[in-house]
């Protein structure tokens, strides 16, 4: 009986810990669906997300493609690559754009642009959750397909981490097709 009394609070605590990121994802989805920029501001570490996107651009993962190796310096490699100096320059410009454009208000506006035209729509479409899992005790990753993507497309990946006692989005990996789609609509 004493063991049961001791284990019950621990089991409840463990259950709450495991459920917390799923609740955070549900709250994030509701904020996206309602276009609630103030809730998104609280649920996303915007500085960290911007930093990660800048890193992706600097590494040539999205947007700007660099030439490989020092032999390519001063030459134009494949048609879609830049020499290292050009890639660095473009990454700097892209970083400024990210600082200005990656905001809760711009996210809501972009999601509204990606929606099918429905005259009286109050809610935005909810993304299709593909995976949600812990990748460490303090990190939780979700993969979602956004409206307009099909199952063959690369999903949007988000990492949540515990920050000040709450799960927040701290990193986003945006597939190039979503970036291209958003740019085409603006």
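Values in this text are rule-based calculations from the coordinates and carry no lab data. Values in this document were obtained by computation on a predicted structure and should not be read as measured data. Note: ideal-geometry Cβ built from the backbone for every residue, glycine included; neighbour counts use all protein chains shown.
So here's what we get for this one:
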{"read-out": "Nearest-0.05 FRET efficiency for residue 93 and residue 15, computed from C-beta distance (R0 45 Å)", "value": "0.40"}
{"read-out": "Inter-label distance for residue 113 and residue 131, nm, one decimal - labels placed 7 Å from Cα along Cα-to-Cβ", "value": "3.0 nm"}
